[in-house]
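The values are calculated or read from the model by the stated rules, or taken from the named source; none is laboratory data. This one's a predicted model, so the numbers in the text were calculated from it and none came from an experiment. Counting neighbours? That spans all protein chains shown, and the Cβs are built from the backbone with ideal geometry, glycine included. Protein only, heavy atoms only, side chains kept; ligands, DNA and RNA dropped before computing areas. Shrake-Rupley method; radii C 1.70, N 1.55, O 1.52, S 1.80 Å.
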Amino acid sequence: KIHDNVLKFDMLGHVDPQAIRMQCDFCGFSFLDMKEKIPISDPEAHSLFWSADALHLKNNVLKQETGALGLPEFGTENGRRVLLETQPRSFADLVRISGLSHGTNVFAGNAEDLITKNGFKLKDVIACRDDIMTVLHEKYGVDNSDAFAIMEFTRKGRFGKPGSDDKKAKFDKVMQDHKVPDWYIESCHKIAYMFPKGHAVAYVSNCIRCAWFKVHEPLSYYATYFTLRCDAYDIKNMGKGISACLNKRNDILNRLQNHEKVSNTEQATINAYESTIEMYDRGYKFENLSVEKSEAGMFTIDEKNQAIIPPFSAIDGLGESAGQAIVKARKEHPFTSIEDLQERGHVSDKLVEVLRDLGALGDLPDSEQMTLF
C-alpha cells in the first residue's frame, strides 16, 4: 500500500562526484567548468579501459593489461577481468559493462558465457533493463506495452520466482511469436535483477572523468585516490618504493592463495599497495609524512618533487581529530621542538615514537633548551 501511494526519494551518497570535485580543486579549476575542462570523449582517457599505454609505465611491474586499476566501477580485480573478457571500445560498451556488473545473474553464467563461449559481442547481450524494452520493440516488433511488461518482469527476476507461471508462459509466447531467439529468452529467464541504463551512464561518465585525471593530472588523481578510496594504509612501506610494496602485496596474496591467516586490514591494503606500485612505476613517489606539511585527513601534492604527502589520518589508530589538533597548532606558528609539538599539538609520547619512525619529525630538536657551547 505504501509503495504505490507514497512518493519515494533515494538519497544516495556517492564518492565519485566528491572525487571529481577534489581533483578539480587540486588542479585549480571550478567543478562547474568540468564539462569544458574534462572532455568526456578524450581518447587517452578512454584507452585506459583496454590498454595501459597512456600511463607510460616504465616497467609495468604489475603486468597491467589495462590502465583501469583504481578507477571507479572498473578498477577492482573483477572489474578489470570483465574488461579483458568483453574488450570494450566505446562509451556505449562501458555503459553495457556497468549494467552487467551491477546486475544479478546478468553477467556470470549468462552474458559471460555468450561472449566467451559463443562469440557474442557486448552489443549483442542484455546488459541494462532498458535494452530489453528497446530491442524487443525495435528489433523484433513486440508491442510497446508488452515490451515494457517483459522488461519489468525480467529486471525484477520474476521469471525465476515461483507463482508467476501464467505470466511466464504469456511472455514466453509473445517473444516466441515474434521470433525472438531462444538464447535471448533463456537469458531473460536467468536474470534476477537489472540495472537502469541512466544509472550506468552516470557511473561511466564519472569514471571517464576520473580516467582523464589519471592520464593528464596524475598527482591530483593519486592524492584523491588515497584520500577517498583506500580503506587501509601501510604508510611506512608505501614510502619505501616499489620493491617494499610488491613484497608485502605478494606475501598477502600468497597467504590468501594457500588459505593461511590474513587479517581484514591486510586484505584492505592490497589496493593501496597496487596503486602505490603503479604510481612509482609512472615516476611519482610518496614523501615522508611530516609535522610541517601533512594535513589532518587529506593526501596532498608536492608539485616540485612530483610527490604525494600522506596525512596524519594515514597513521594506524590516529583519528582525524588528532591530526587536526596538530595542524591547528602548526598554523598558529611552526613547531620549534618535539617538546613544543607535544604540548601544543597534544601529541603523546607513543605517537612521537610513531612519527619518529616514519621520519615525520624532520630536524626538530627534542626540547626548547638551547646549547650555548
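For the reader, a short list of remarks on this structure follows.
Residues checked against (1) open to solvent by 70 Å² or more (accessible area, probe 1.4 Å); (2) in contact (Cβ under 8 Å) with a residue 40 or more places away in the chain; (3) in a helix (DSSP H, G or I); (4) not aliphatic (A, V, I, L, M):
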position: Val142; (1), (2), (3), (4): no, no, no, no
position: Phe153; (1), (2), (3), (4): no, no, yes, yes
position: Asp166; (1), (2), (3), (4): yes, no, yes, yes
position: Ala169; (1), (2), (3), (4): no, no, yes, no
position: Asp172; (1), (2), (3), (4): no, no, yes, yes
position: Met175; (1), (2), (3), (4): no, no, yes, no
position: Val180; (1), (2), (3), (4): no, yes, no, no
position: Ile185; (1), (2), (3), (4): no, no, yes, no
position: Phe195; (1), (2), (3), (4): no, yes, no, yes
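- Verdict on Ser90 being among the small types (Gly, Ala, Ser), surrounded by fewer than 13 Cβ atoms within 10 Å (Cβ to Cβ) and under 17 Å from Ile20 (Cβ atoms): no
- Options Cys245, Cys207, Cys230: the member that is touching a helix residue (DSSP H, G or I) at 6+ places or on another chain (Cβ under 9 Å) and within 30 Å of Gly109 (Cα to Cα): Cys207
- Positions within the stretch 197-222 being among the aliphatic types (A, V, I, L, M) and open to solvent by less than 50 Å² (accessible area, probe 1.4 Å), in sequence order: Ala200, Ala202, Val204, Ile208, Ala211, Val215, Leu219
- Residue list for the stretch 169-221, filter: of a type in the set (Ser, Thr, Tyr) and in contact with a strand residue (DSSP E or B) (Cβ under 8 Å, 6 or more places away or on another chain): Tyr193, Ser220
- Single residue of Glu73, Glu44, Glu85 found to be without any contact (Cβ under 8 Å) to a residue 60 or more places away in the chain and either of a type outside the set (Lys, Arg) or on the phi > 0 side of the Ramachandran plot (or both): Glu85
- Looking only at the stretch 1-40, and only at residues there that are of a type in the set (Gly, Ala, Ser) and touching a helix residue (DSSP H, G or I) at 6+ places or on another chain (Cβ under 8 Å), the one that is farthest from Val82 (Cα to Cα): Ser30
- Top-ranked residue of the stretch 320-331 - restricted to ones that are in contact with a helix residue (DSSP H, G or I) (Cβ under 7 Å, 6 or more places away or on another chain) and free of Cβ contacts under 8 Å to residues at least 24 places away in the same chain, ranked as surrounded by the fewest Cβ atoms within 10 Å (Cβ to Cβ): Ala325
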